[in-house]
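See structure below.
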Amino acid sequence: MNALRTRMQMIFQDPYSSINPRHTVASIIGEPLKIHKKVQNNFEYEERVRQLMNTVGLAERLYDAYPHELDGGRRQRIGIARALALDPEFIVCDEPVSALDVSIQAQILNLLMDLQEKLGLTYLFITHDLSVVKHISDDIVIMYMGQIVERGPTEELFKKPIHPYGQALLSAIPIPKLNSKRERIILKSEVSSPINPKPGCRFAPRCAYAQAECSVADPELLEVSPGRFAACRLAEQFV
Ligand code: SF4
């Protein structure tokens with residue numbers, strides 16, 4: 001369990017609440033090193049913290065600064081440095097840019113992509129922002145009411161979503177072109193409660209293609225073309 005924890009780390013959504021405001025930059029980044037006994041003495045500790053600060057683009061003069069002295073982008077860099085402290089292989093990025101100004105979002109995304117290449121990291125990147133998804137991911141998983149409804153390589157999925165929910169979701173992306181022909185799919189009704197969901201496809205009450213059988217059994221997530229998976233009874237018609 002301990003080994004798994006050090007190989008897998010997390011970057012949290014809100015850099016304002018996910019770091020302790022009473023601790024300095026150095027102590028936030030260095031805490032995992034102490035807990036997991038990754039350094040032998042103060043010299044090693046300080047050297048490793050400074051190295052992590054450099055890796056994420058935090059100036060060394062901020063070593064003893066407190067989070068309230070920094071902007072959102074720098075605070076998120078602290079969260080990233082802390083996640084890197086134990087040399088993970090896999091990082092769960094939980095909406096890591098959604099709480100940041102748009103101008104800072106691109107900087108943090110580019111930093112994450114650079115680190116991925118440099119350190120050979122794998123990310124599970126959770127976001128509602130479709131332009132971020134397109135920019136950063138190689139493979140996409142679309143979820144609806146807690147279930148995976150579609151999975152596939154980013155480029156193919158953006159070109160032709162298979163699941164009716166994926167189709168509606170991607171049709172909502174604005175196209176910066178006059179006279180664009182793509183039509184937005186407007187879903188009917190609201191998302192139903194995920195508590196005690198009814199049997200059958202959870203998307204059925206909103207799906208334009210729903211049939212009586214859709215409400216009988218949960219559609220399985222099946223491979224409908226190489227590398228493309230969808231949980232829809234009619235998936236083959238949409239490939
Ligand atoms: S299984 Fe039926 S209700 Fe569900 S997405 Fe497919 S067509 Fe729509």
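Here, each number is a calculation from the coordinates, and none is a lab measurement. Because the structure is a prediction, the values reported are computed rather than measured. Please note: Cβ atoms are built from the backbone with ideal geometry, for glycine as well, and neighbour counts cover all protein chains shown.
Structure notes:
- Ascending count of other beta-carbon atoms within 10 Å, so fewest first, for Arg202, Arg75: Arg202, Arg75
- Put simply, when 20-28, 158-166 are sorted by average Cβ atoms within 10 angstrom per residue, most first, you get 158-166, 20-28.
- Volume per residue of the convex hull around the Cα atoms, evaluated for the stretch 2-136, comes out as 103 Å³.
- Largest-first ellipsoid semi-axes for the stretch 128-171, taking √(5λ) over the Cα gyration tensor eigenvalues, angstrom: 15, 11, 10
- Directionally averaged shadow of the stretch 13-59, computed from the convex hull of its alpha-carbon atoms, nm²: 3.8 nm²
- Ordered by the number of other Cβ atoms lying within 10 Å of each residue's own Cβ, fewest first, Cys214, Cys93 fall into the sequence Cys214, Cys93.
- Residues with amide H under 5 Å from that of Val92, placed H, sequence gap 5 or more: Gln9, Met10, Ile11, Leu124
- 3J(HN,Hα) along the stretch 93-105, derived from phi through the Karplus expression 6.51 cos²θ - 1.76 cosθ + 1.60 where θ = phi - 60°, amounts to 9, 8, 6, x, 10, 5, 8, 9, 4, 4, 5, 7, 3 Hz, with x in place of Gly and Pro.
- Alpha carbon convex hull of the chain, projected area averaged over orientations, nm²: 16.4 nm²
- Its Cα gyration tensor gives the stretch 123-210 an equivalent ellipsoid; the semi-axes, largest first and in whole Å, are 23, 18, 11.
- With Cα atoms, 0 to 90° folded angle of helix 42-55 axis to the chain main axis: 40 degrees
- What the Cβ-Cβ distance of Ser171 and Arg7 gives, at R0 = 41 Å and to the nearest 0.05, is a FRET efficiency of 0.60.
- Hypothetical label at Asn20: residues of the stretch 76-96 whose amide nitrogen lies under 16 Å (7 Å Cα-Cβ projection): 79, 82-83
- Ordering Arg74, Arg50 by the number of other Cβ atoms within 10 Å of each residue's own Cβ, fewest first, gives Arg50, Arg74.
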